[in-house]
1. Report, in deg cm²/dmol and to the nearest 500, the calculated mean residue ellipticity at 222 nm for the chain, where each DSSP H run with n ≥ 4 adds -39500 (n - 2.57) and the sum is divided by the residue count.
2. Which semi-axis lengths, in whole Å and largest first, follow from the square roots of five times the eigenvalues of the Cα gyration tensor of the stretch 38-240?
3. Which value, in Å², gives the accessible area per residue of the stretch 38-240 when a 1.4 Å probe is used on the protein heavy atoms?
4. Go through 103-113, 306-316, 37-47 and give me the packing order, highest mean Cβ count within 10 Å leading.
5. On a 1.4 Å probe surface of the protein chains, which of 36, 145 comes out largest in accessible area, and what is the full order?
6. To the nearest Å, what is the center-to-center distance of the stretch 2-28 and the stretch 113-174, using C-alpha atoms only?
7. How many percent of Cα pairs in the stretch 222-267 exceed 12 Å?
8. Along the charge dipole of the chain, Cβ charges K/R +1 and D/E -1, which of 230, 16, 169 sits furthest on the positive end?
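The values are calculated or read from the model by the stated rules, or taken from the named source; none is laboratory data. Just so you know, these numbers come straight off a predicted model, no measurement behind them. Glycine also receives a Cβ, built like all others from the backbone with ideal geometry; neighbour counts cover every protein chain displayed. Ligands, DNA and RNA are stripped out before the accessible areas are found, and what is left, the full protein with its side chains, is counted by its heavy atoms. Shrake-Rupley method; radii C 1.70, N 1.55, O 1.52, S 1.80 Å.
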Amino acid sequence: MKWCKKCVLPSTRPNLVINSKGVCNACEQGKIKKQINWEKRKLEFENLVRRIKKKKAEYDCLIPVSGGKDSVWQVVIALKYGLKPLTLTWKTPERTLIGEKNLKNLVSLGVNHIDFTINPKIESKFMLKTFEKSGSPLIPMHLAIYNLPVRIACTFKIPLIIWGENSAFEYGGVKNDFGANVNAKWIKKYGATNQTNAKNWVSKTFTEKDLSPYMLPKKGILNKFDVEGIFLGYFFKWDPINTMKVAKKNGFYYEKSNLKTGLYDFADIDDNLISIHHWMKWYKFGFTRYFDNLSIEIRNNRINRKYAIEKLKKIGDQRPNEDIEKFCKLTNITKSEFERKSEKFRNKKIWYLDGKKWKIKDFLIDSWRWK
Ligand SMILES: [Zn+2]
């Protein structure tokens, strides 16, 4: 297990590669990001808007939204450039009160909105299945947020889908995937679905029809439908602090006490399940959401690596106990079953037993309090 010497991410993170100088691709990309001519990118966006508006569709674009800071940012920009959006939410079975409030605020900015609920009987079973099989209970959520918008865009004949940040660019990936366009290949690689699509999960338990909201429309992939998928983070600089400020100006609300996981008290707050997704990274890859967030802060020169390490020492592994309870209730399993199922995904290439305690070999921090 190697650690990037600029940020605090390990080589075990999917799609993260550490070069011979000990620097990861996400940090290298951070350097590239600083050299981007954003004025030129803005013109590219204006051209795109002109091209889309010529199509004279009922809605110019579809924006997948949760009500969170990034989705407000997406909607604000779309409206500013004169696009008429339809907004769409995959309704998490565990939406928080603050999530509800922020979603209401987002719609009040002046957009039509669909709150799409997937059959809860299917969804909770599907979550449990992906948790048991690949240690990722939120594969259904990630499949829904990337595939459902395409289905709805095709139904309403909407020519453009506007996603937020390109995670390949922001968290590590390869150059060919840094562009503006989202397609089926990108989703499989970076969409946090363990390189699966919904078809891979069809079984005796779930028919293809049961899983249709998680699938792309039948005939093929995105672009063949004349539905274009873009990342707004290609055209406008994405930075969590900046999108939070834009969102706040437009009614987005959060409190310090909303912090669920990681560093930001304004992110990952609209549902009670995302923290479980992040938590499993600890077992599988030996880092937590806090490492991700701190690394972004380092790349934006807001903190240095030494400070990040001190923060990590203080905060520890951030086990999301309350959310684990909620997840157990939703999927009808006990807490000890959750333990047993999680334990299956402890990566023995990096973890070892020291007496009764699990520890990580070559961990970033020597004085870590192992539990
Ligand atoms: Zn790095």
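1. That comes out to -13500 deg cm²/dmol.
2. 27, 19, 17
3. With all protein chains present, the stretch 38-240 gives 44 Å² per residue.
4. Listed from highest to lowest mean packing, they are 103-113, 306-316, 37-47.
5. 145, 36
6. What the calculation gives is 27 Å, centre to centre.
7. 71 percent
8. So the residue we want is 16.
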